[in-house]
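Here is the structure we will look at, set down as C-alpha coordinates.
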Amino acid sequence: MNSLFASAEAADDKLHEECGVFAVCAKKDFAPSVDPVHVVLGGLTALQHRGQESSGIILGGFEDPARIEVAKSAGLVASLIDSGEVLKLDREGSTVALGHVRYSTTGGSGVENAQPLVAHTKKGAVALAHNGNLVNSQLLRELLEEGGSVFRTQSDSEVMLNLIARSLAKKSALEAVRDAVRTVQGSYALAVLADGKLIAARDKNGIRPLCVGELEEYWVVSSETCALDAIGAKFLRDVEPGEIIVADGEGIAGSNQEEKTETRTCSFEYIYFARPDSVIDGIGVYGARVRSGRQLFKEAPVKADLVTGVPDSGIPAAAGFSEASGIPYGMSLVKNRYVGRSFIAPSQDDRERRVALKHNALKEAVKGMRIVLIDDSIVRGTTMRSLVSKLKGAGATEVHIRIAAPPVAFPCYFGIDTPYREDLVSNKYDIEELARRVGADSLAFLSVEGLVQALSGTMGFCTGCFTGVYPMGAPKPGRED
(Lines give C-alpha, C1' and ligand atoms only; values in the text may rest on other atoms or scores of the structure.)
Protein backbone atom coordinates (compact mmCIF):
# COMPACT_ATOMS: atom_id res chain seq x y z
CA MET A 1 0.00 0.00 0.00
CA ASN A 2 1.27 3.48 -0.81
CA SER A 3 2.92 5.13 2.17
CA LEU A 4 0.71 8.19 1.73
CA PHE A 5 -2.33 6.16 2.70
CA ALA A 6 -0.43 4.52 5.54
CA SER A 7 0.19 7.82 7.30
CA ALA A 8 0.05 7.66 11.08
CA GLU A 9 -2.77 10.20 11.08
CA ALA A 10 -4.63 8.72 8.13
CA ALA A 11 -7.52 7.45 10.22
CA ASP A 12 -8.54 11.04 10.84
CA ASP A 13 -8.56 12.30 7.26
CA LYS A 14 -9.65 15.87 7.95
CA LEU A 15 -7.99 19.14 8.73
CA HIS A 16 -8.17 19.78 12.44
CA GLU A 17 -9.83 22.70 14.13
CA GLU A 18 -7.90 25.36 16.00
CA CYS A 19 -9.37 26.55 19.31
CA GLY A 20 -12.41 28.32 20.67
CA VAL A 21 -12.44 31.47 22.81
CA PHE A 22 -15.33 32.63 24.97
CA ALA A 23 -15.35 35.34 27.65
CA VAL A 24 -17.71 37.55 29.65
CA CYS A 25 -17.42 40.80 31.60
CA ALA A 26 -20.09 41.85 34.09
CA LYS A 27 -21.80 45.21 33.73
CA LYS A 28 -21.53 47.59 36.67
CA ASP A 29 -25.23 48.38 36.87
CA PHE A 30 -26.24 44.74 37.27
CA ALA A 31 -25.62 42.37 40.13
CA PRO A 32 -25.31 39.18 38.06
CA SER A 33 -28.08 36.72 38.85
CA VAL A 34 -26.54 34.23 36.41
CA ASP A 35 -23.29 32.57 37.43
CA PRO A 36 -20.56 33.66 34.97
CA VAL A 37 -19.12 30.15 35.09
CA HIS A 38 -22.40 28.70 33.84
CA VAL A 39 -22.50 31.28 31.05
CA VAL A 40 -18.98 30.44 29.95
CA LEU A 41 -19.58 26.69 30.16
CA GLY A 42 -22.59 27.12 27.88
CA GLY A 43 -20.53 29.10 25.40
CA LEU A 44 -17.66 26.64 25.44
CA THR A 45 -19.99 23.70 24.91
CA ALA A 46 -21.31 25.41 21.78
CA LEU A 47 -17.70 25.86 20.61
CA GLN A 48 -16.67 22.28 21.37
CA HIS A 49 -16.24 21.54 17.63
CA ARG A 50 -13.26 23.90 17.61
CA GLY A 51 -11.22 21.86 20.07
CA GLN A 52 -11.58 18.65 22.04
CA GLU A 53 -8.16 18.18 23.68
CA SER A 54 -8.64 20.38 26.74
CA SER A 55 -10.86 23.06 28.21
CA GLY A 56 -10.49 25.70 30.87
CA ILE A 57 -12.07 28.62 32.71
CA ILE A 58 -10.43 31.48 34.59
CA LEU A 59 -12.18 33.96 36.89
CA GLY A 60 -10.78 37.39 37.73
CA GLY A 61 -11.64 41.01 38.26
CA PHE A 62 -11.73 40.57 42.03
CA GLU A 63 -10.92 43.43 44.40
CA ASP A 64 -7.56 41.74 44.94
CA PRO A 65 -5.78 42.09 41.56
CA ALA A 66 -3.43 39.20 42.36
CA ARG A 67 -6.29 36.79 42.88
CA ILE A 68 -7.34 34.44 40.13
CA GLU A 69 -9.46 31.27 40.05
CA VAL A 70 -8.53 28.51 37.59
CA ALA A 71 -10.24 25.30 36.43
CA LYS A 72 -8.77 23.16 33.64
CA SER A 73 -9.19 19.64 32.39
CA ALA A 74 -8.04 17.43 29.55
CA GLY A 75 -10.80 16.40 27.18
CA LEU A 76 -14.22 17.86 26.51
CA VAL A 77 -16.05 20.60 28.41
CA ALA A 78 -18.08 17.84 30.05
CA SER A 79 -14.81 16.52 31.53
CA LEU A 80 -14.15 19.92 33.07
CA ILE A 81 -17.53 19.68 34.78
CA ASP A 82 -17.26 16.02 35.72
CA SER A 83 -13.76 16.44 37.15
CA GLY A 84 -15.14 18.68 39.89
CA GLU A 85 -12.67 21.45 39.05
CA VAL A 86 -15.49 23.90 38.27
CA LEU A 87 -17.04 23.35 41.70
CA LYS A 88 -13.81 24.49 43.33
CA LEU A 89 -14.01 27.94 41.77
CA ASP A 90 -14.78 30.74 44.22
CA ARG A 91 -17.09 33.00 42.20
CA GLU A 92 -17.65 35.64 44.86
CA GLY A 93 -16.59 39.05 43.55
CA SER A 94 -15.51 37.92 40.08
CA THR A 95 -16.45 40.20 37.18
CA VAL A 96 -14.51 38.67 34.27
CA ALA A 97 -14.44 35.05 33.11
CA LEU A 98 -12.37 33.62 30.26
CA GLY A 99 -12.98 30.22 28.67
CA HIS A 100 -11.12 28.17 26.09
CA VAL A 101 -11.39 24.86 24.23
CA ARG A 102 -8.19 23.66 22.63
CA TYR A 103 -6.86 21.69 19.75
CA SER A 104 -3.09 22.11 19.73
CA THR A 105 -1.27 23.40 16.65
CA THR A 106 1.75 24.57 18.65
CA GLY A 107 2.72 22.84 21.89
CA GLY A 108 1.60 19.49 23.23
CA SER A 109 -1.93 18.34 23.89
CA GLY A 110 -1.52 17.76 27.65
CA VAL A 111 -3.43 19.64 30.33
CA GLU A 112 -0.27 21.62 31.15
CA ASN A 113 -0.79 23.45 27.84
CA ALA A 114 -4.51 23.96 28.44
CA GLN A 115 -5.76 27.51 28.31
CA PRO A 116 -6.48 30.12 29.50
CA LEU A 117 -2.87 30.78 30.55
CA VAL A 118 -1.98 32.90 33.57
CA ALA A 119 0.96 35.16 34.48
CA HIS A 120 1.47 37.10 37.72
CA THR A 121 2.86 40.64 37.65
CA LYS A 122 3.30 43.38 40.22
CA LYS A 123 0.06 44.86 38.88
CA GLY A 124 -1.80 41.62 39.43
CA ALA A 125 -2.72 38.53 37.47
CA VAL A 126 -2.97 38.44 33.67
CA ALA A 127 -4.80 35.68 31.79
CA LEU A 128 -5.09 34.94 28.08
CA ALA A 129 -7.15 32.71 25.79
CA HIS A 130 -5.89 32.51 22.20
CA ASN A 131 -7.09 31.02 18.93
CA GLY A 132 -4.61 31.10 16.07
CA ASN A 133 -0.92 30.59 15.42
CA LEU A 134 2.03 32.96 15.74
CA VAL A 135 4.55 32.39 12.96
CA ASN A 136 7.37 34.25 14.76
CA SER A 137 6.78 32.69 18.18
CA GLN A 138 10.05 30.74 18.29
CA LEU A 139 12.16 33.84 17.64
CA LEU A 140 10.20 35.83 20.23
CA ARG A 141 10.50 33.01 22.76
CA GLU A 142 14.28 32.97 22.39
CA LEU A 143 14.47 36.75 22.82
CA LEU A 144 12.23 36.64 25.89
CA GLU A 145 14.25 33.80 27.42
CA GLU A 146 17.44 35.79 26.88
CA GLY A 147 15.73 38.60 28.79
CA GLY A 148 14.96 36.32 31.73
CA SER A 149 11.46 35.07 30.93
CA VAL A 150 10.67 31.53 32.03
CA PHE A 151 8.19 29.45 30.04
CA ARG A 152 6.09 26.65 31.50
CA THR A 153 4.54 25.40 28.25
CA GLN A 154 5.47 24.91 24.60
CA SER A 155 2.45 26.92 23.44
CA ASP A 156 2.96 30.00 21.27
CA SER A 157 0.15 31.57 23.29
CA GLU A 158 2.51 31.85 26.26
CA VAL A 159 4.76 34.05 24.15
CA MET A 160 1.88 36.48 23.73
CA LEU A 161 1.12 36.27 27.45
CA ASN A 162 4.73 37.10 28.35
CA LEU A 163 4.77 40.08 26.01
CA ILE A 164 1.63 41.47 27.64
CA ALA A 165 2.92 40.84 31.17
CA ARG A 166 6.24 42.58 30.48
CA SER A 167 4.56 45.68 29.04
CA LEU A 168 2.04 45.78 31.86
CA ALA A 169 4.81 46.67 34.29
CA LYS A 170 4.97 50.19 32.85
CA LYS A 171 1.80 50.60 30.82
CA SER A 172 -1.97 50.24 31.00
CA ALA A 173 -3.64 46.97 30.13
CA LEU A 174 -4.82 48.29 26.76
CA GLU A 175 -1.36 49.62 25.90
CA ALA A 176 0.24 46.32 26.96
CA VAL A 177 -2.04 44.33 24.65
CA ARG A 178 -1.47 46.82 21.84
CA ASP A 179 2.32 46.49 22.21
CA ALA A 180 2.09 42.69 22.18
CA VAL A 181 -0.04 42.42 19.04
CA ARG A 182 2.26 44.82 17.23
CA THR A 183 5.17 42.51 18.00
CA VAL A 184 3.70 39.16 16.96
CA GLN A 185 3.10 37.93 13.43
CA GLY A 186 0.43 35.44 12.52
CA SER A 187 -3.20 34.88 13.37
CA TYR A 188 -4.91 35.54 16.67
CA ALA A 189 -8.31 35.96 18.20
CA LEU A 190 -7.61 36.91 21.81
CA ALA A 191 -9.48 37.32 25.06
CA VAL A 192 -7.35 38.82 27.84
CA LEU A 193 -8.03 39.48 31.51
CA ALA A 194 -5.86 42.33 32.79
CA ASP A 195 -6.42 45.11 35.32
CA GLY A 196 -9.95 43.84 35.94
CA LYS A 197 -10.91 44.36 32.31
CA LEU A 198 -11.80 42.06 29.44
CA ILE A 199 -9.71 42.92 26.38
CA ALA A 200 -10.25 41.22 23.03
CA ALA A 201 -8.22 41.52 19.83
CA ARG A 202 -8.22 40.15 16.29
CA ASP A 203 -5.22 40.02 13.96
CA LYS A 204 -4.82 42.62 11.21
CA ASN A 205 -5.99 40.15 8.54
CA GLY A 206 -8.95 38.86 10.55
CA ILE A 207 -7.86 35.30 9.78
CA ARG A 208 -9.58 33.86 12.86
CA PRO A 209 -13.16 34.88 13.69
CA LEU A 210 -14.15 36.86 16.78
CA CYS A 211 -17.39 38.61 17.66
CA VAL A 212 -19.00 40.62 20.45
CA GLY A 213 -22.40 40.04 22.05
CA GLU A 214 -24.47 41.24 24.98
CA LEU A 215 -26.57 39.78 27.75
CA GLU A 216 -28.49 41.92 30.18
CA GLU A 217 -25.75 41.46 32.76
CA TYR A 218 -22.65 40.75 30.66
CA TRP A 219 -20.60 41.79 27.68
CA VAL A 220 -19.62 38.69 25.72
CA VAL A 221 -16.73 37.84 23.37
CA SER A 222 -16.87 34.64 21.31
CA SER A 223 -15.12 32.87 18.46
CA GLU A 224 -18.48 32.20 16.78
CA THR A 225 -22.01 33.54 16.88
CA CYS A 226 -23.44 30.06 17.54
CA ALA A 227 -22.12 30.33 21.12
CA LEU A 228 -23.93 33.65 21.57
CA ASP A 229 -27.13 31.99 20.43
CA ALA A 230 -26.55 29.10 22.83
CA ILE A 231 -26.55 31.39 25.89
CA GLY A 232 -29.26 33.73 24.60
CA ALA A 233 -26.92 36.66 23.96
CA LYS A 234 -27.59 39.35 21.38
CA PHE A 235 -25.02 39.59 18.60
CA LEU A 236 -23.58 43.10 18.41
CA ARG A 237 -20.90 42.86 15.74
CA ASP A 238 -17.72 41.17 14.59
CA VAL A 239 -14.42 42.41 15.93
CA GLU A 240 -12.79 44.09 12.97
CA PRO A 241 -9.37 43.01 11.69
CA GLY A 242 -6.70 44.81 13.71
CA GLU A 243 -9.21 46.00 16.32
CA ILE A 244 -8.86 45.86 20.10
CA ILE A 245 -12.00 45.77 22.25
CA VAL A 246 -12.06 46.79 25.92
CA ALA A 247 -14.97 45.87 28.21
CA ASP A 248 -15.36 46.74 31.87
CA GLY A 249 -18.17 47.58 34.25
CA GLU A 250 -18.67 50.96 32.60
CA GLY A 251 -19.15 49.74 29.02
CA ILE A 252 -17.48 48.36 25.93
CA ALA A 253 -15.45 50.18 23.28
CA GLY A 254 -13.17 49.35 20.37
CA SER A 255 -10.15 50.99 18.82
CA ASN A 256 -8.26 50.18 15.63
CA GLN A 257 -4.54 49.76 15.31
CA GLU A 258 -2.68 52.33 13.27
CA GLU A 259 -1.30 49.55 11.07
CA LYS A 260 -3.07 49.05 7.77
CA THR A 261 -5.43 46.09 7.79
CA GLU A 262 -6.47 43.80 4.95
CA THR A 263 -9.20 41.25 5.62
CA ARG A 264 -8.21 37.67 4.81
CA THR A 265 -10.65 35.55 6.80
CA CYS A 266 -9.77 31.84 6.70
CA SER A 267 -11.88 30.30 3.93
CA PHE A 268 -11.84 26.95 5.72
CA GLU A 269 -13.92 28.47 8.51
CA TYR A 270 -16.78 28.51 6.02
CA ILE A 271 -15.87 25.23 4.33
CA TYR A 272 -15.52 23.05 7.42
CA PHE A 273 -14.51 24.48 10.80
CA ALA A 274 -17.31 26.79 11.87
CA ARG A 275 -20.69 25.46 12.91
CA PRO A 276 -23.26 25.82 10.12
CA ASP A 277 -25.46 28.04 12.32
CA SER A 278 -22.70 30.62 12.77
CA VAL A 279 -22.31 33.88 10.87
CA ILE A 280 -18.76 35.17 10.29
CA ASP A 281 -18.13 38.70 9.02
CA GLY A 282 -21.71 38.90 7.83
CA ILE A 283 -21.60 35.62 5.87
CA GLY A 284 -23.79 32.75 7.03
CA VAL A 285 -21.77 29.54 7.12
CA TYR A 286 -24.65 27.29 6.07
CA GLY A 287 -25.57 29.50 3.13
CA ALA A 288 -21.94 29.60 1.98
CA ARG A 289 -21.80 25.81 1.96
CA VAL A 290 -25.04 25.49 0.01
CA ARG A 291 -23.82 28.04 -2.55
CA SER A 292 -20.55 26.14 -2.92
CA GLY A 293 -22.58 23.06 -3.87
CA ARG A 294 -24.52 25.00 -6.48
CA GLN A 295 -21.30 26.41 -7.91
CA LEU A 296 -19.75 22.95 -7.89
CA PHE A 297 -22.49 21.64 -10.18
CA LYS A 298 -21.92 24.55 -12.57
CA GLU A 299 -18.23 23.71 -12.77
CA ALA A 300 -18.43 19.90 -12.71
CA PRO A 301 -21.85 18.54 -13.76
CA VAL A 302 -22.42 14.79 -13.93
CA LYS A 303 -25.30 12.44 -14.79
CA ALA A 304 -26.43 10.53 -11.72
CA ASP A 305 -29.44 9.19 -9.83
CA LEU A 306 -28.66 10.41 -6.32
CA VAL A 307 -26.73 13.26 -4.70
CA THR A 308 -25.48 12.58 -1.20
CA GLY A 309 -23.14 14.23 1.29
CA VAL A 310 -20.49 12.85 3.62
CA PRO A 311 -21.88 13.49 7.13
CA ASP A 312 -21.87 16.14 8.41
CA SER A 313 -19.95 18.92 6.67
CA GLY A 314 -20.67 17.66 3.15
CA ILE A 315 -24.44 17.73 3.55
CA PRO A 316 -25.17 21.47 2.92
CA ALA A 317 -23.04 21.45 -0.24
CA ALA A 318 -24.82 18.27 -1.36
CA ALA A 319 -28.15 20.05 -0.90
CA GLY A 320 -26.89 22.91 -3.10
CA PHE A 321 -25.60 20.51 -5.77
CA SER A 322 -28.94 18.69 -5.79
CA GLU A 323 -30.87 21.93 -6.07
CA ALA A 324 -28.76 23.17 -8.98
CA SER A 325 -28.70 19.84 -10.83
CA GLY A 326 -32.24 18.62 -10.21
CA ILE A 327 -30.82 15.26 -9.11
CA PRO A 328 -32.62 14.02 -5.98
CA TYR A 329 -30.81 14.34 -2.66
CA GLY A 330 -30.76 11.48 -0.18
CA MET A 331 -28.74 9.77 2.52
CA SER A 332 -26.26 7.10 1.53
CA LEU A 333 -23.99 6.97 4.57
CA VAL A 334 -24.61 6.61 8.28
CA LYS A 335 -21.99 8.07 10.60
CA ASN A 336 -21.05 6.50 13.93
CA ARG A 337 -20.68 9.57 16.13
CA TYR A 338 -19.01 7.64 18.92
CA VAL A 339 -15.78 6.92 17.05
CA GLY A 340 -13.93 10.06 18.05
CA ARG A 341 -10.39 11.36 17.84
CA SER A 342 -9.48 9.65 21.08
CA PHE A 343 -9.64 6.32 19.22
CA ILE A 344 -5.97 5.27 19.11
CA ALA A 345 -4.85 3.62 15.89
CA PRO A 346 -1.25 2.42 16.30
CA SER A 347 -1.11 0.16 13.23
CA GLN A 348 -2.35 0.32 9.67
CA ASP A 349 -4.86 -2.46 10.35
CA ASP A 350 -6.22 -0.47 13.28
CA ARG A 351 -6.44 2.67 11.15
CA GLU A 352 -8.37 0.83 8.43
CA ARG A 353 -10.65 -0.69 11.08
CA ARG A 354 -11.39 2.74 12.52
CA VAL A 355 -12.35 4.10 9.10
CA ALA A 356 -14.64 1.09 8.66
CA LEU A 357 -16.29 1.78 12.01
CA LYS A 358 -16.90 5.46 11.36
CA HIS A 359 -19.26 5.17 8.35
CA ASN A 360 -21.59 2.57 6.92
CA ALA A 361 -23.47 2.56 3.60
CA LEU A 362 -27.27 2.46 3.36
CA LYS A 363 -27.70 -0.50 1.04
CA GLU A 364 -31.38 0.08 0.28
CA ALA A 365 -30.64 3.68 -0.73
CA VAL A 366 -27.64 3.09 -3.01
CA LYS A 367 -28.19 -0.28 -4.68
CA GLY A 368 -28.26 0.12 -8.45
CA MET A 369 -27.74 3.88 -8.20
CA ARG A 370 -25.26 6.26 -9.80
CA ILE A 371 -24.07 8.31 -6.82
CA VAL A 372 -22.64 11.83 -6.59
CA LEU A 373 -20.77 11.93 -3.29
CA ILE A 374 -20.09 15.45 -1.96
CA ASP A 375 -17.51 16.30 0.70
CA ASP A 376 -15.76 19.45 1.90
CA SER A 377 -12.17 18.34 1.26
CA ILE A 378 -9.74 15.49 0.64
CA VAL A 379 -6.60 15.64 2.78
CA ARG A 380 -4.89 12.24 2.70
CA GLY A 381 -7.49 10.23 0.80
CA THR A 382 -7.93 7.33 3.21
CA THR A 383 -11.51 8.08 4.26
CA MET A 384 -12.68 8.84 0.73
CA ARG A 385 -11.25 5.59 -0.59
CA SER A 386 -13.06 3.70 2.17
CA LEU A 387 -16.37 5.45 1.46
CA VAL A 388 -16.23 4.72 -2.27
CA SER A 389 -15.49 1.08 -1.49
CA LYS A 390 -18.43 0.90 0.93
CA LEU A 391 -20.87 2.47 -1.54
CA LYS A 392 -19.86 0.18 -4.37
CA GLY A 393 -19.90 -2.78 -2.02
CA ALA A 394 -23.49 -1.83 -1.12
CA GLY A 395 -24.48 -1.94 -4.78
CA ALA A 396 -23.83 1.54 -6.20
CA THR A 397 -23.05 1.22 -9.90
CA GLU A 398 -21.04 4.46 -10.09
CA VAL A 399 -19.59 6.84 -7.52
CA HIS A 400 -18.66 10.33 -8.69
CA ILE A 401 -16.83 12.45 -6.10
CA ARG A 402 -17.33 16.20 -5.99
CA ILE A 403 -15.40 18.31 -3.47
CA ALA A 404 -16.91 21.65 -2.45
CA ALA A 405 -13.48 23.27 -2.10
CA PRO A 406 -10.28 23.46 -4.15
CA PRO A 407 -7.56 20.82 -3.66
CA VAL A 408 -5.66 21.25 -0.36
CA ALA A 409 -2.10 21.28 -1.71
CA PHE A 410 -0.27 23.51 0.78
CA PRO A 411 0.02 23.59 4.59
CA CYS A 412 -1.57 26.22 6.80
CA TYR A 413 0.59 28.23 9.20
CA PHE A 414 -2.16 30.22 10.85
CA GLY A 415 -3.99 27.93 13.25
CA ILE A 416 -5.07 24.84 11.30
CA ASP A 417 -3.25 21.58 11.87
CA THR A 418 -2.56 20.57 8.27
CA PRO A 419 -0.12 17.80 7.36
CA TYR A 420 3.22 18.55 5.74
CA ARG A 421 2.98 19.32 2.06
CA GLU A 422 4.50 15.96 1.13
CA ASP A 423 1.59 14.20 2.90
CA LEU A 424 -1.19 16.10 1.14
CA VAL A 425 -2.69 13.83 -1.48
CA SER A 426 -3.63 16.70 -3.82
CA ASN A 427 -0.03 17.83 -3.83
CA LYS A 428 1.22 14.36 -4.69
CA TYR A 429 -1.20 13.31 -7.45
CA ASP A 430 -3.16 14.94 -10.23
CA ILE A 431 -6.94 14.63 -10.21
CA GLU A 432 -7.14 11.66 -12.60
CA GLU A 433 -4.61 9.66 -10.60
CA LEU A 434 -6.29 10.59 -7.32
CA ALA A 435 -9.67 9.44 -8.69
CA ARG A 436 -8.12 6.12 -9.63
CA ARG A 437 -6.52 5.66 -6.22
CA VAL A 438 -9.73 6.29 -4.30
CA GLY A 439 -11.76 4.14 -6.71
CA ALA A 440 -14.07 6.89 -8.00
CA ASP A 441 -15.61 6.93 -11.47
CA SER A 442 -14.85 10.66 -11.63
CA LEU A 443 -13.51 13.36 -9.31
CA ALA A 444 -13.72 17.15 -9.43
CA PHE A 445 -12.93 20.03 -7.07
CA LEU A 446 -14.44 23.49 -6.79
CA SER A 447 -12.15 26.16 -8.23
CA VAL A 448 -10.65 28.90 -6.05
CA GLU A 449 -12.63 31.45 -8.04
CA GLY A 450 -15.80 29.41 -7.54
CA LEU A 451 -15.18 29.19 -3.82
CA VAL A 452 -14.75 32.95 -3.46
CA GLN A 453 -17.91 33.48 -5.51
CA ALA A 454 -19.81 31.05 -3.28
CA LEU A 455 -18.70 32.88 -0.15
CA SER A 456 -20.32 36.02 -1.61
CA GLY A 457 -18.34 38.28 0.66
CA THR A 458 -17.20 41.82 -0.01
CA MET A 459 -13.99 41.18 1.96
CA GLY A 460 -11.00 39.03 1.15
CA PHE A 461 -10.24 35.47 2.23
CA CYS A 462 -7.15 33.45 2.99
CA THR A 463 -6.82 30.66 0.41
CA GLY A 464 -3.20 29.77 1.21
CA CYS A 465 -3.85 26.05 1.67
CA PHE A 466 -5.14 25.94 -1.93
CA THR A 467 -2.81 28.38 -3.66
CA GLY A 468 0.33 28.61 -1.54
CA VAL A 469 -0.15 32.38 -1.40
CA TYR A 470 -0.51 33.57 2.20
CA PRO A 471 -1.59 36.88 3.75
CA MET A 472 1.87 37.22 5.32
CA GLY A 473 5.23 35.53 5.25
CA ALA A 474 5.19 31.91 6.46
CA PRO A 475 7.92 30.38 8.63
CA LYS A 476 10.54 28.12 7.14
CA PRO A 477 9.43 24.53 7.83
CA GLY A 478 11.58 21.95 9.53
CA ARG A 479 11.04 19.57 6.62
CA GLU A 480 9.54 19.87 3.15
CA ASP A 481 6.61 22.27 3.43
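The values are calculated or read from the model by the stated rules, or taken from the named source; none is laboratory data. Small disclaimer: the values here were computed from a predicted structure and weren't measured. In this analysis, Cβ positions are derived from the backbone assuming ideal geometry, glycine residues included, and neighbour counts consider all displayed protein chains. Note: areas computed on protein heavy atoms with side chains; ligands, DNA, RNA excluded. Shrake-Rupley method; radii C 1.70, N 1.55, O 1.52, S 1.80 Å.
In the range 197-204, the count of residues that are closer than 15 Å to Glu269 by Cα, out of contact with any Phe, Trp or Tyr (no Cβ under 9 Å at 6 or more places or on another chain) and in contact (Cβ under 8 Å) with a residue 12 or more places away in the chain is zero. Residues that are part of a loop (DSSP other than H, G, I, E, B) and not hydrophobic (A, V, I, L, M, F, W, C) do occur in the range 70-78. Does Ala119 satisfy the criteria of being hydrophobic (A, V, I, L, M, F, W, C) and either in contact (Cβ under 8 Å) with a residue 60 or more places away in the chain or buried (at least 22 other Cβ atoms within 10 Å of the Cβ) (or both)? No, not satisfied.
Within the range 69-101, the set of residues being among the basic types (Lys, Arg) and crowded, with 19+ Cβ neighbours inside 10 Å comprises just one member, Lys72. Is it true that Gly186 is open to solvent by less than 20 Å² (accessible area, probe 1.4 Å) and over 27 Å from Asp29 (Cβ atoms)? Yes; evaluated as a whole, the condition is true for this residue. Could you please let me know if Ile271 is over 23 Å from Gly61 (Cβ atoms) and open to solvent by less than 30 Å² (accessible area, probe 1.4 Å)? For Ile271, the condition - over 23 Å from Gly61 (Cβ atoms) and open to solvent by less than 30 Å² (accessible area, probe 1.4 Å) - is met.
Just checking, does the range 311-322 include any residue being at pLDDT 95 or above, open to solvent by less than 40 Å² (accessible area, probe 1.4 Å), farther than 20 Å from His400 by Cβ and of a type in the set (Gly, Ala, Ser)? No, the range 311-322 contains no residue that is at pLDDT 95 or above, open to solvent by less than 40 Å² (accessible area, probe 1.4 Å), farther than 20 Å from His400 by Cβ and of a type in the set (Gly, Ala, Ser). On the basis of being open to solvent by 10 Å² or more (accessible area, probe 1.4 Å) and either within 17 Å of Ala173 (Cβ to Cβ) or free of Cβ contacts under 8 Å to residues at least 12 places away in the same chain (or both), does Asp35 make the cut? When the stated conditions are applied, Asp35 does not pass them.
Restricting Ala114, Ala165, Ala129 to those that are among the aliphatic types (A, V, I, L, M), crowded, with 21+ Cβ neighbours inside 10 Å and modelled with pLDDT under 90 reduces the list to Ala114.
Selection of helices (runs of 4 or more DSSP H) fully inside the range 360-452 by the criterion of at least 1 residues being touching a Pro at 6+ places or on another chain (Cβ under 7 Å) and open to solvent by 10 Å² or more (accessible area, probe 1.4 Å) returns 425-428. Residues in the range 237-261 that are surrounded by fewer than 19 Cβ atoms within 10 Å (Cβ to Cβ), part of a strand (DSSP E or B) and in contact with a helix residue (DSSP H, G or I) (Cβ under 9 Å, 6 or more places away or on another chain): 1 in all.
Whether a residue is surrounded by fewer than 19 Cβ atoms within 10 Å (Cβ to Cβ) and at positive phi was assessed, and Gly61 does not pass this test. Only one of Ala233, Ala227 is within 20 Å of His49 (Cβ to Cβ), at pLDDT 95 or above, small (Gly, Ala, Ser) and out of contact with any helix residue (DSSP H, G or I) (no Cβ under 6 Å at 6 or more places or on another chain); which? Unique residue meeting the criteria: Ala233. Is the range 198-212 home to any residue that is hydrophobic (A, V, I, L, M, F, W, C), modelled with pLDDT under 95 and either on the phi > 0 side of the Ramachandran plot or surrounded by fewer than 24 Cβ atoms within 10 Å (Cβ to Cβ) (or both)? No, the conditions are met nowhere in the range 198-212. One residue stands out among those in the range 36-69 that are assigned to a loop (DSSP other than H, G, I, E, B) and over 20 Å from the mean Cα position of the chain (by Cα): the one that is nearest to Leu215 (Cα to Cα), which is Gly61. Pairs are defined by a Cβ separation below 6 Å, a sequence spacing of at least 6 or placement on different chains, a first member in the range 237-256 that is over 16 Å from Asp281 (Cα atoms), and a second member that is among the charged types (D, E, K, R) and outside any loop (DSSP other than H, G, I, E, B); the pairs so defined are Val246/Lys197; Asp248/Lys197; Gly254/Glu243; Asn256/Glu243.
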